[in-house]
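The values are calculated or read from the model by the stated rules, or taken from the named source; none is laboratory data. Not measured: the values here are computed from a predicted model. When we count neighbours, we look across all protein chains shown, and the Cβ atoms used for this are built from the backbone with ideal geometry, even at glycine. What goes into the accessible areas is simple: the full protein's heavy atoms, side chains included, and nothing from ligands, DNA or RNA. Shrake-Rupley method; radii C 1.70, N 1.55, O 1.52, S 1.80 Å.
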Amino acid sequence: MSAVAEKPRILIDDLFDIIVANKASDLHLQEGQPPKMRVHGDIKRINDTVLTKEVMTQMLSEVAGPVRWEAFDKKGDADLAYELNADSRFRCNLHRQLHGLGGIFRLIPNKIATLEQLGVPPIIKNFANIKGGLVLVTGPTGSGKSTTLAALVDYINSSYARHIITIEEPIEFVHNNKLSIITQREVGEDTPSFADGLRNAMREDADVVLVGEMRDLETIALALTAAETGLLVFGTLHTNNARKTVDRMIDVFPSSQQPQVRTMLAASLRGIVAQLLLKKKDGSGRLAVNEILIANSAVSSIIREGKVEALTDVLITGKGEGMQFMDDAIQRFYDSGQINAQEAYMKAIDKQRFAPFLPKDDSAGSLSNIATNGGKPVPVPRIVKK
């Protein structure tokens with residue numbers, strides 16, 4: 001009996017080892033399906049073994065532990081962290097789905113990369129040197145936001161004697177005290193919610209607060225208030241560029257409160273770093289591309305007056321200050337031969353800018369048609385067999 005009980009633990013650790021060995025970003029487990037992994041953005045099958053309900057239950061409960069498994073059994077969702085060894089941790093999401101149990105595991109290296117190692121623009125380091133205000137790091141899920149933020153926090157930790165509080169769900173990168181004191185709090189374990197953690201941080205002699213996810217009105221309102229009171233607040237949003245980020249920050253509030261929120265955001269915002277990952281042309285991996293907005297008097301006025309569409313012009317003309325427009329950054333990667341035309345087209349804000357570079361085959365042609373039809377898909381005639 002004991003040998004059987006040990007098998008699931010060994011099995012899932014073996015799968016984790018495969019993820020590490022293949023430099024994959026995620027492990028996908030789903031009842032009734034074989035295990036799969038995401039490598040350089042593409043999902044690939046690991047083997048042909050179909051995961052049964054029994055195996056899934058044993059593997060997921062082993063990772064969760066008794067207390068969290070009981071909570072998952074009641075709620076049907078759970079977010080947690082799992083440490084494989086001294087070099088690798090996983091951010092885990094357990095869930096129920098149509099065909100049974102599911103689990104997705106994101107690899108988090110225990111060694112925190114520096115900003116230089118990540119290859120992000122050097123100007124991003126300047127956001128760690130300011131004393132107070134709001135800095136937003138944005139991008140879709142899996143774009144490396146947490147990795148960039150961890151590098152920023154590590155830089156502060158290595159350079160300044162400050163009290164840094166992180167509020168995360170779950171804790172991903174584990175920081176050791178260097179020059180700074182770091183307090184890491186996990187939502188659901190150490191604090192009930194992001195809002196509660198942020199509210200308490202303002203009473204805990206903090207200098208820097210990292211909010212793992214600004215997902216609701218209360219958390220965003222508290223982040224703005226904390227930034228106004230002199231804290232340096234780092235937060236994340238699932239937006240692709242600076243303009244959408246400002247819109248999201250304001251639109252979450254009722255219309256009657258939006259003028260006041262625009263004023264608060266205009267006063268407290270220090271910068272926005274939007275991040276996407278691009279597949280390399282040679283298939284060897286992915287690289288980060290960033291849009292960088294640095295808040296100056298022009299940006300503050302635009303936000304205060306609600307003319308957010310003008311931020312694009314500021315990004316383009318602000319190169320001397322270190323600003324960077326997303327499509328310009330993508331263009332540089334394309335011109336240098338690091339990415340192909342289709343990848344540039346798919347990740348760009350202005351699709352028409354890259355449509356002329358697409359190959360003239362059928363698949364790329366359909367993308368080009370979308371670009372030249374005002375962003376709307378061109379209807380495809382339906383063939384009906386009689």
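Residue-wise test of (1) open to solvent by 10 Å² or more (accessible area, probe 1.4 Å); (2) under 18 Å from Val137 (Cα atoms).
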position	(1), (2)
Asp216	yes, yes
Ile220	no, yes
Phe234	no, yes
Asn241	yes, yes
Val246	no, yes
Ser255	yes, no
Arg262	yes, no
Leu265	no, yes
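Residues of region 267-283 that are open to solvent by 10 Å² or more (accessible area, probe 1.4 Å), under 27 Å from Gln331 (Cα atoms) and in contact (Cβ under 8 Å) with a residue 24 or more places away in the chain: Arg270, Leu276, Leu277, Lys279, Lys280, Lys281, Gly283. When Leu210 is tested against (1) in a strand (DSSP E or B); (2) of a type outside the set (Val, Ile, Thr); (3) open to solvent by 20 Å² or more (accessible area, probe 1.4 Å), only condition (3) is not met. Against the definition (outside any strand (DSSP E or B) and either surrounded by fewer than 16 Cβ atoms within 10 Å (Cβ to Cβ) or within 21 Å of the chain's Cα centre (by Cα) (or both)), how does Glu116 come out, yes or no? Against the criterion (outside any strand (DSSP E or B) and either surrounded by fewer than 16 Cβ atoms within 10 Å (Cβ to Cβ) or within 21 Å of the chain's Cα centre (by Cα) (or both)), Glu116 qualifies.
Of a type in the set (D, E, K, R) and not in a helix (DSSP H, G or I): does that describe Arg215? Criteria met by Arg215.
Residue count for region 89-102, restricted to those that are under 24 Å from the mean Cα position of the chain (by Cα), of a type in the set (A, V, I, L, M) and either open to solvent by 90 Å² or more (accessible area, probe 1.4 Å) or farther than 19 Å from Glu168 by Cα (or both): 0.
Consider Gly65 carefully, then state whether it is surrounded by fewer than 18 Cβ atoms within 10 Å (Cβ to Cβ) and out of contact with any strand residue (DSSP E or B) (no Cβ under 7 Å at 6 or more places or on another chain).
Details: surrounded by fewer than 18 Cβ atoms within 10 Å (Cβ to Cβ): yes; out of contact with any strand residue (DSSP E or B) (no Cβ under 7 Å at 6 or more places or on another chain): yes.
Taking the combined requirement at face value, the residue satisfies it.
For Val246, the conditions (1) touching a residue at least 60 places away in the same chain (Cβ under 8 Å); (2) more than 23 Å from the chain's Cα centre (by Cα) all hold with the exception of (2).
Which one of these is outside any helix (DSSP H, G or I), in contact (Cβ under 8 Å) with a residue 12 or more places away in the chain, among the small types (Gly, Ala, Ser) and crowded, with 18+ Cβ neighbours inside 10 Å: Ala86, Ala78? Working first, answer last.
Values: Ala86 fails: crowded, with 18+ Cβ neighbours inside 10 Å.
One residue alone meets the criteria, Ala78.
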